[in-house]
Amino acid sequence: MAGTTALPTITFAASAEGGLMLQSKSRVVLPAWVRHVEQQSSQSQSAEDQVTLAQAYLQLARQPGWSRYFDKAQQLLKKAHSPSSAAYWLALADISQQQHQFEDALNYLAKAQKLQPDDINALLMKNRIYLVQNNTTAALAECKKLLGQQELFLLSLCSLEVAGRQGKTQDSYKALQLLARQQQSIPLAQQQWLIAVLAEQAEVLHQPKQARAWLEQLLFAAQSELAPLPLWVKWADLTLKQDATLVYQKLQHLHQHQQLEDALLLRLALAEQQLAEGQEYQVLMQQRVSLREQRQDTLHSADLAHYYLRLAPDPKKALYYARLNVQQAQEPDDQQLFTLALKQSQQDTSPSVQTGEQP
């Protein structure tokens, strides 16, 4: 896989982890494609190859267990200052969107587009940012720009995703299924995006088994290790009620190879709790939460809200963190999380725990 123009970086927005690791693991070997880019960068020491390496790190960081590479990419870009490179500004924009600094990301994208007006990655990253902000009008405007570049598949997928967000899910889901049947062979990154949208819209239409089936086409197939973290999180949420044992087995296997990010460790802890398999992962998750709270880490507000809703119930804390999260991101899952937290808080009659925050 190339590390230069990776569609997962523009189709999946996931909060960056701070490299928080609470257990030592045996050294994990970097994928061969990343090692190759590292070697090339080390030999040339050129700014261009440094930026390419940063992009490779960003692509890797989206896979379960590798989120610490967001920090490595950021540090690399600080050294590889390359203002005449569109790829440099795209990488900075990518990091900014991961940190929910959307205005900075849009400014960086504007710089990239001045240097390379027809860059599809910049266009799709803007589309993703607008979707996270629930600005579907602006998101659709970015999709339409693909028409002039003859990117008909991406135009269709982009537009149908927006249509689903605008409430036209019944029609858009049918069109997406037809689009999927028409595609015999597409790049893995585009396939991941297509599957993600199909699963999202199936879930909206109250078809959780179908949503799960779409995701399992990727997660249970070859190259599943390349699937972005949000797909694993969504699959775990869809599967926990029906088959907690499968979630436990799959996520425990991932954890044995790499330290899981908060979102997946939480789902592993939930499966452990449901199955009464001890408390190892619940304790790990509690330690993560304590450190996140000590650091006042707002990037993980969604994880903290889920923790206090589902694993260690505290409706007031859950609402506090869900409200922080929805101020940063307004995608369907974010809005649903806030709605659920608000409902639970309204039903709660217990005294408020003194934590310093105001519900």
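When both residues are 6+ apart or on different chains and their Cβ atoms are under 6 Å apart, which pairs have a first residue that lies in the stretch 114-142 and is of a type in the set (Lys, Arg), and a second that is assigned to a helix (DSSP H, G or I) and at pLDDT below 95?
ARG128/ILE10
Out of the stretch 274-283, which residues are closer than 22 Å to ALA305 by Cβ and touching a helix residue (DSSP H, G or I) at 6+ places or on another chain (Cβ under 6 Å)?
Filtering the stretch 274-283 down to residues closer than 22 Å to ALA305 by Cβ leaves 274, 279, 281-283.
Listed by number, the residues that qualify are GLN274, TYR281, GLN282.
Residues that are at pLDDT 95 or above, open to solvent by 30 Å² or more (accessible area, probe 1.4 Å) and more than 23 Å from the chain's Cα centre (by Cα): does the stretch 124-131 have at least one?
Taking every residue of the stretch 124-131 in turn, none turns out to be at pLDDT 95 or above, open to solvent by 30 Å² or more (accessible area, probe 1.4 Å) and more than 23 Å from the chain's Cα centre (by Cα).
Could we say that GLN259 is crowded, with 18+ Cβ neighbours inside 10 Å, outside any helix (DSSP H, G or I) and at negative phi here?
Yes, satisfied.
Give me a count of the residues in the stretch 291-342 that are hydrophobic (A, V, I, L, M, F, W, C), in a helix (DSSP H, G or I), free of Cβ contacts under 8 Å to residues at least 40 places away in the same chain and within 24 Å of GLN279 (Cβ to Cβ). Can you show your working first?
Looking only at the stretch 291-342, we keep the residues that are hydrophobic (A, V, I, L, M, F, W, C), and these are 291, 299, 302, 304-305, 309, 311-312, 318-319, 322, 324, 326, 329, 337-338, 340-342.
Pick out the ones that are also in a helix (DSSP H, G or I) and you get 291, 299, 302, 304-305, 309, 311, 318-319, 322, 324, 326, 337-338, 340-342.
From what's left, free of Cβ contacts under 8 Å to residues at least 40 places away in the same chain: 304-305, 309, 318, 322, 324, 326, 337-338, 340-342.
With the extra rule that they be within 24 Å of GLN279 (Cβ to Cβ), the set shrinks to 304-305, 309, 318.
Of the residues in that region, 4 qualify.
Part of a helix (DSSP H, G or I), more than 30 Å from LEU152 (Cα to Cα) and open to solvent by 40 Å² or more (accessible area, probe 1.4 Å) - does that describe any residue in the stretch 49-67?
The answer is no; no qualifying residue exists.
Among the listed residues GLY164, GLY148, which satisfies the condition of being within 19 Å of the chain's Cα centre (by Cα) and more than 25 Å from GLN63 (Cα to Cα)?
Details: GLY148 fails: within 19 Å of the chain's Cα centre (by Cα).
Every option except GLY164 fails the conditions.
If I ask for residues that are within 26 Å of ALA302 (Cα to Cα), crowded, with 16+ Cβ neighbours inside 10 Å and of a type in the set (D, E, K, R), which ones from the stretch 100-123 would you list?
none
The values are calculated or read from the model by the stated rules, or taken from the named source; none is laboratory data. Note that the coordinates shown come from a computational prediction; the quantities given were computed from them, not determined experimentally. Here the Cβ is made from the backbone with ideal geometry for all residues, glycine too, and neighbour counts use every protein chain on show. The protein model used for the area step is the full one, side chains on, heavy atoms only, and it has no ligands, DNA or RNA in it. Shrake-Rupley method; radii C 1.70, N 1.55, O 1.52, S 1.80 Å.
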